[in-house]
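**Q** Just dropping this structure here.
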Amino acid sequence: KIEGRLHQSCLDLLHGSDIQFHRHSRLDLALCLNLPIALVFLPAADIPRFVGEGRVDLGITGRDQVVESQVDVEEILDLGFGSCKLQVQVPEMGDYTDPSQLIGKNIVTSFTGLSSAYFAKLEKEQSDAKITNGNTVLAPGEISRPTSAMGMAGLRTKIKYVGGSVEAACALGVADGIVDLVESGETMRAAGLKPIATVLETTAILIKSKHPSNPQLIKTIESRIRGVITAKKYVLCTYNVPRSKLELVKTITPGKRAPSVIMLEEEGWVAVSVMVEKRKIANIMDSLEELGATDILVTNIANSRSAPDPPASA
């Protein structure tokens, strides 16, 4: 299942994973040509629901949609694209500078669940006299489902739903502020809006049903997708270095698990081959050269099969 905002990136990901299909015009269903699966193309908000209810096994959507829907799915992979923020935005020329000033006001959004939870938390903090510079950010575990269609019971802030063009609500006099997804911020600036708080940071993720119909096939597809993401994130760096410097260069290029080291015919030298994050490669090459590494080569990775990245150390 593929969300509209992330459509092309998802198609590229499927292509790289060798999931072959042909989608007929105007059809939301496509049968895979080389695997026993079907692809369904649906709006973002529908995808977590279908996966959570076990109607489909895997879905690609935004983390914001999963948290908003509050369905029980398993997040198995951050896909590394589609990054944006769900932000509270207000008129640039207005008096609002802190989200607590919007308590009791009109808020327009497509994310009524997240917005209701956010302002309910603000209202509670205000009642407890614990507001601190508006730096309230929701963690997924703090989200509660509204007890009514348009907000939580007792919520003073009025949360109103619109399905699109949320940024126009303030100019039309419908809202005092909005809560909406922001990527570059250009659309909001063009509408005369400015951000005053971030509710949630989001990116594209791969989600899985808690009860997949074919676990082994799902594992295969997950491995393929993970391999493509890894290939986009990393490059292969190879270089020669004096063996006496090996422990030093390994601190610069530790690799995903460990570097491959091969003895050279020239005494006292080794060849090192290691995966390095693409965004860091220029600085790493500089550091390797300073330590005496030579013949430093960088090769793009077309595809891979690798273990998940280890958790970041504290």
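**Q** Could you tell me how many of the residues in the range 286-309 are within 12 Å of VAL249 (Cβ to Cβ) and open to solvent by less than 60 Å² (accessible area, probe 1.4 Å)? Talk me through it step by step, then tell me what you get.
**A** Start the filter on the range 286-309 by keeping residues that are within 12 Å of VAL249 (Cβ to Cβ), which leaves 287-294, 296.
Next, from what is left, pick out any that are open to solvent by less than 60 Å² (accessible area, probe 1.4 Å): 287-288, 291-294, 296.
Qualifying residue count for the region: 7.
**Q** OK, next. State which residue is least open to solvent (accessible area, probe 1.4 Å) when the search covers only the range 131-148 and only residues that are farther than 24 Å from THR203 by Cα and modelled with pLDDT of 50 or more.
**A** Going through the qualifying residues, I end up with THR132.
**Q** What strands (runs of 3 or more DSSP E), lying completely within the range 182-248, carry at least 3 residues that are closer than 29 Å to PHE111 by Cβ? First the steps, then the outcome.
**A** Numbers: elements: 193-202, 204-208, 234-242.
Answer list for the range 182-248: 193-202, 204-208.
**Q** Collect the residues in the range 58-80 that are among the polar types (S, T, N, Q) and either under 20 Å from PHE41 (Cβ atoms) or assigned by the TED database to the domain that holds SER115 (or both), keeping them in residue-number order.
**A** Our first condition is that a residue be among the polar types (S, T, N, Q); within the range 58-80, this holds for 61, 65, 69-70.
If the condition is that a residue be among the polar types (S, T, N, Q) and either under 20 Å from PHE41 (Cβ atoms) or assigned by the TED database to the domain that holds SER115 (or both), then THR61, GLN65, SER69 are the ones that fit.
**Q** Something else now. Is it the case that GLY151 is open to solvent by less than 60 Å² (accessible area, probe 1.4 Å) and either at pLDDT below 95 or out of contact with any helix residue (DSSP H, G or I) (no Cβ under 8 Å at 6 or more places or on another chain) (or both)? Don't jump to the end; show me each part of the working.
**A** On the way: open to solvent by less than 60 Å² (accessible area, probe 1.4 Å): yes; either at pLDDT below 95 or out of contact with any helix residue (DSSP H, G or I) (no Cβ under 8 Å at 6 or more places or on another chain) (or both): yes.
Yes; evaluated as a whole, the condition is true for this residue.
**Q** Could you tell me whether GLY268 is in contact with a helix residue (DSSP H, G or I) (Cβ under 6 Å, 6 or more places away or on another chain) and surrounded by fewer than 17 Cβ atoms within 10 Å (Cβ to Cβ)? Show your work before the answer.
**A** Numbers: in contact with a helix residue (DSSP H, G or I) (Cβ under 6 Å, 6 or more places away or on another chain): yes; surrounded by fewer than 17 Cβ atoms within 10 Å (Cβ to Cβ): yes.
Answer is yes for this residue.
**Q** Hey, does the range 68-77 have a residue that's open to solvent by 80 Å² or more (accessible area, probe 1.4 Å) and among the charged types (D, E, K, R)?
**A** Within the range 68-77, the first condition is being open to solvent by 80 Å² or more (accessible area, probe 1.4 Å), and the residues that meet it are 72, 75.
Checking which are among the charged types (D, E, K, R) leaves us with 72, 75.
Yes, that holds for at least one residue.
**Q** Right, something else. Here is a list: ARG55, ARG49. Which entry is more than 17 Å from the chain's Cα centre (by Cα), open to solvent by 40 Å² or more (accessible area, probe 1.4 Å), within 22 Å of THR109 (Cα to Cα) and in the same structural domain as ILE225 (by the TED database)?
**A** Working: ARG55 fails: within 22 Å of THR109 (Cα to Cα).
When all the criteria are applied, what remains is ARG49.
**Q** Kindly evaluate GLY163 against the criterion of being closer than 22 Å to PRO43 by Cβ, touching a residue at least 12 places away in the same chain (Cβ under 8 Å) and not in a helix (DSSP H, G or I).
**A** Numbers: closer than 22 Å to PRO43 by Cβ: yes; touching a residue at least 12 places away in the same chain (Cβ under 8 Å): yes; not in a helix (DSSP H, G or I): yes.
Answer is yes for this residue.
The values are calculated or read from the model by the stated rules, or taken from the named source; none is laboratory data. Given the structure is predicted, the values throughout are model-derived calculations rather than measurements. Because the Cβ atoms are built from the backbone with ideal geometry, glycine has one as well, and the counts that use them run over all protein chains shown. The area values use the complete protein model at the heavy-atom level, side chains included, leaving out ligands, DNA and RNA. Shrake-Rupley method; radii C 1.70, N 1.55, O 1.52, S 1.80 Å.
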